[in-house]
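Trainee: Questions regarding the structure given below will be posed in turn.
All of the numbers you see were taken from the coordinates with simple rules; none came from a lab. Just so you know, these numbers come straight off a predicted model, no measurement behind them. Please note: Cβ atoms are built from the backbone with ideal geometry, for glycine as well, and neighbour counts cover all protein chains shown.
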There are 2 protein chains.
Amino acid sequence: MKKIIALVAAMGSTSVMADWQALPEVAPAPADNPTSAEKVELGKALYFDPRISSTGTVSCNSCHNVMAGGDDNRPVSMGVHGKKGGRSAPSVWNSAFYSTQFWDGRANTLEDQAKGPMTNPVEMGMKDHNAVMARLKKIDGYKPMFKKAFGNDKMTIDQAVKAIAAYERTLITPNSAYDKFVKGDKSALSAQQQRGMKLFAEVGCVSCHSGPAFNGQQGVAIGTPVLMKFPTFENNAYVKQYDLKADKGRQNVTGSQADAHMFRVPTLRNVALTAPYFHNGKVRDLSTAVKVMAKTQLNRDLEKQQVADIVAFLNGLTGEFPAQTLPRLPATANTTLLK
Amino acid sequence: MKKIIALVAAMGSTSVMADWQALPEVAPAPADNPTSAEKVELGKALYFDPRISSTGTVSCNSCHNVMAGGDDNRPVSMGVHGKKGGRSAPSVWNSAFYSTQFWDGRANTLEDQAKGPMTNPVEMGMKDHNAVMARLKKIDGYKPMFKKAFGNDKMTIDQAVKAIAAYERTLITPNSAYDKFVKGDKSALSAQQQRGMKLFAEVGCVSCHSGPAFNGQQGVAIGTPVLMKFPTFENNAYVKQYDLKADKGRQNVTGSQADAHMFRVPTLRNVALTAPYFHNGKVRDLSTAVKVMAKTQLNRDLEKQQVADIVAFLNGLTGEFPAQTLPRLPATANTTLLK
């Protein structure tokens, strides 16, 4: 049975030692998929290519928009034919720093994650991965790109998702105000933000949201889910108001009652840009999200000023987005794959 | 009454003098909207911003994909909620070289065109332009961008579409094999392509598809539609096969019987990349499109080799796509505009 880290140790404590760390500028790559410029270039094209959806209208970027906070700012995403997904799209930015992927941690790696939406009927809606690769094989320009990236032009689904994952590992946002502060620039965070930072630790947020990505997953082996029960405390009005018991979370993956309402701890990097909040996207603003989290996870009622201070601190986690060139999507000269 | 240029003069002639011209590297801008770097930057962000659609899922780029041939390679586009449009999306590349916009020429300028899809219920689905601007005014980062572009931050719809049009005027694809050939590099087009070029003139294609953009609109004042009846010759099986009489074209705009089935002459620049073809997107490959055009517009039956030669020539009209950086879309910090 797989090792699972359920973060409960520090819960309810009133003060947690925080180990403040800056975001690494490079993400680790798995041994069987070392990052290369050629893979990243191919992966970027695939990431932006809507032809891997049945209608030709939905790309990875449609719901995980790298021009913005890496998501779509919708409660739940819209896939082909305007169909709605069941959970709010997580950000692709810094997703390389997760030990598992999806809200329920059901994919071990970015490579595995990339396979999911392609064949999900409410996302990209392709029949199967063979259909995806059949499309790509009809696009002449992809063949040399696969060759350059992998040394052969077999053009397999595993190669495609390796390339997409390699691109995603370049999507890192270092040098936030917080990072500068941690590296020694004490003017990088305002007095209010510094108060918020202190509160973030004292209140206990940091018991789950720890480490450089604020997701508790530093040093955790890839493939090991870091999960938390949400809501943990149910004796409050938020549970009903924001429908927090509707989604069984990881229980849907394992079938185990012990996994009911267990969700992956999300990063707080760029959290100011990724409203609405939570797995169901039901909370529209960050102040409310902080209040709800404090109550449902720590059984704490925060004062208005405390919430404002923590929100100010969280706004200091917005990083620098590396400049990127628009990819050119290779063509099917003189014809189309779409109907 | 507005002057309309209906191209009929050379129709049916068996030989037309061609005046081969390279594509200009800069497009003219109207006197009331001179291009500036600040406008282009704002316009690019707006062009890629899905928040000007009701669902937050459709941007200008969704149907006019600048990472590809400037369209979506679909017969007809899909807007919000997967709704389908009535005509095939024209390419945004080189759209600055049109004297009017849309298949029926119903907008005089790129500025006017940009207003259309925002409030079209099957495209971006916004209630009205006030709703568009109300959204944009809630996105803090746009205010300084409008200020830089226009000297004030009134943030009007006219400013928004001026910025979008200014960006679109930078979307030009010079230096195709054809352009190099015309400029003196006689090896730039293959022998087959040169045969196709000669045929293109002799058969009469050039009677409509003339000038540097191959759309007959060189030297035509902005706001003057250059239209052609399609189909002109109806005594062939293609009319039924490809449903060419279903769309009344410009008659839907003017109400005049004389405008029945009149359509704007489209550019042939990058035509190899913009399948499927015609206003209804019913023809999936360029060879068939060439055959159908010759029959319905010139009453000519082309031989297989002639079609292949013309298609080879048309593939020489694929230009160079300028490298662009991905825009950063300004955020609504800590909240979302989407429901």
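Trainee: Give me, ordered by chain and number, the residues 5 or more places off A:Gly249 or on other chains with an amide H under 5 Å from its own placed amide H.
Mentor: The list, which skips near neighbours in sequence, is A:His261.
Trainee: State which entries of A:Lys186/A:Lys291; A:Lys84/A:Lys115; B:Lys84/B:Lys162; A:Lys240/B:Lys339 exceed 24 angstrom in Cα-Cα distance in the structure shown.
Mentor: Correct reply: A:Lys186/A:Lys291; B:Lys84/B:Lys162.
Trainee: Also: Taking θ = phi - 60°, what integer Hz values does the Karplus form 6.51 cos²θ - 1.76 cosθ + 1.60 yield along the stretch A:209-224, in sequence order, with x for Gly and Pro?
Mentor: 8, 10, x, x, 9, 6, 10, x, 10, 5, x, 8, 5, 4, x, 9
Trainee: Based on Cα positions only, what radius of gyration and what Dmax would you give for the stretch A:208-276, in angstroms?
Mentor: Cα-based Rg and Dmax for the stretch A:208-276 come out at 13.5, 37 Å.
Trainee: A follow-up question, please. Report, for B:Gly116, each distance to the same residue's label point in the other copies, shortest first and in nm; define the point 7 Å along Cα→Cβ.
Mentor: Result, one decimal in nm: 4.0.
Trainee: Now, a different point. Search the structure for amide H atoms under 5 Å from the amide H of B:Thr109, placed 1.01 Å from N in the peptide plane, and list their residues when 5 or more places away or on another chain.
Mentor: For B:Thr109, the qualifying residues are B:Gln101.
Trainee: May I pose another question? Modelled label-to-label distance, B:Ala308 and B:Ile4, 7 Å Cα→beta-carbon offset: nm?
Mentor: According to this spin-label approximation, the distance is 4.1 nm.
Trainee: Over the Cα atoms of chain B, Rg to Rh with Kirkwood Rh, two decimal places?
Mentor: Answer for chain B: 0.98.
Trainee: By how many nm would the segment from A:Asp243 to A:Ala131 lengthen if fully extended, with 0.36 nm per residue of separation less the alpha-carbon distance?
Mentor: Length gained between A:Asp243 and A:Ala131: 36.6 nm.
Trainee: Shifting gears a bit: Calculate the dipole size of the stretch A:173-315 relative to its Cα centre from +1 charges on Lys and Arg beta carbons and -1 charges on Asp and Glu beta carbons; express the result in debye to the nearest 20.
Mentor: So the dipole magnitude of the stretch A:173-315 works out to roughly 60 debye.
Trainee: With viscosity set to 0.890 mPa s and temperature to 25 °C, compute the Stokes-Einstein D of the protein assembly as shown, Rh being the Kirkwood radius across alpha carbon pairs; µm²/s, no decimals.
Mentor: Calculated translational D: 91 µm²/s.
Trainee: Along Cα-to-Cβ, 7 Å out, sits the label point; list in nm, shortest first, how far the one on A:Thr224 is from those in the other copies.
Mentor: 7.5
Trainee: Between B:Ala22 and B:Thr224, what is the FRET efficiency for a Förster distance of 25 Å, r being their Cβ-Cβ separation, to the nearest 0.05?
Mentor: According to the calculation, E is roughly 0.60.
Trainee: Taking chain A as the reference, fit the longest principal axis to its C-alpha atoms, fit the long axis of helix A:304-315 to the helix C-alpha atoms, and give the angle between the two in degrees, 0 to 90, nearest 10.
Mentor: 30
Trainee: Another question, if that's okay. Considering the options B:Pro24, B:Asn130, B:Ser210, tell which one lies farthest towards the positive end of the dipole of chain B, charges being +1 on Lys and Arg and -1 on Asp and Glu at the Cβ, about the Cα centre.
Mentor: B:Asn130
Trainee: Counting every Cα pair in the stretch A:37-168, what percent are over 18 Å apart?
Mentor: Value for the stretch A:37-168: 50 percent of Cα pairs lie more than 18 Å apart.
Trainee: Here's another thing I want to ask about it. Against the longest alpha carbon principal axis of chain A, how many degrees, from 0 to 90 and to the nearest 10, is the axis of helix A:110-119 turned?
Mentor: 70
Trainee: Taking a ≥ b ≥ c as the square roots of the eigenvalues of the Cα gyration tensor of the stretch A:114-218, is the shape rounded (a/c under 1.5), prolate (a/b larger than b/c) or oblate?
Mentor: prolate
Trainee: Could you pull out every one of the aspartates and glutamates with an alpha carbon less than 15 Å from that of A:Lys245, ignoring same-chain neighbours closer than 8 positions?
Mentor: Cα-Cα hits under 15 Å: A:Asp104, A:Glu234, A:Asp259.
Trainee: What gaps in nm, shortest first, separate B:Lys304 from its twins in the other copies when you place the label 7 Å past Cα toward the beta carbon?
Mentor: Ordered by distance, the counterparts are at 8.1 nm.
Trainee: Does anyone have the angle between helix A:286-298 and the longest principal axis of chain A? Alpha-carbon axes, 0 to 90°, nearest 10?
Mentor: It works out to around 70 degrees.
Trainee: Between B:Thr156 and A:Thr232, with labels modelled 7 Å along Cα→Cβ, what's the label distance in nm to one decimal, could you check?
Mentor: Placing both labels 7 Å along Cα→Cβ, they lie 5.5 nm apart.
Trainee: For the rotation that superimposes chain A on chain B, which residue of A has the C-beta lying nearest to the axis, and at what distance in Å?
Mentor: Residue nearest the A-to-B axis, with distance in whole Å: A:Gly82, 2.
Trainee: Quick one: 3J(HN,Hα) in Hz for the stretch A:246-254, Karplus 6.51/-1.76/1.60 with θ = phi - 60°, rounded, Gly and Pro as x.
Mentor: 6, 9, 6, x, 5, 4, 5, 8, 9
Trainee: So what's the back-of-envelope 222 nm ellipticity for chain A, counting only DSSP H runs of four-plus at -39500 (n - 2.57) apiece and dividing by all residues, rounded to 500?
Mentor: For chain A, the value works out to -9000 deg cm²/dmol.
Trainee: Can I ask one more? Under a Cβ-only charge scheme (Lys and Arg +1, Asp and Glu -1), can you give me the dipole magnitude of the protein assembly as shown about the Cα centre, in debye to the nearest 20?
Mentor: About 1020 debye.
Trainee: Please state, to two decimals, what the Cα-based radius of gyration of the stretch B:197-339 comes to when divided by 2.2 N^0.38 Å (N = residues).
Mentor: Against the compact-globule rule of thumb, the ratio is 1.30.
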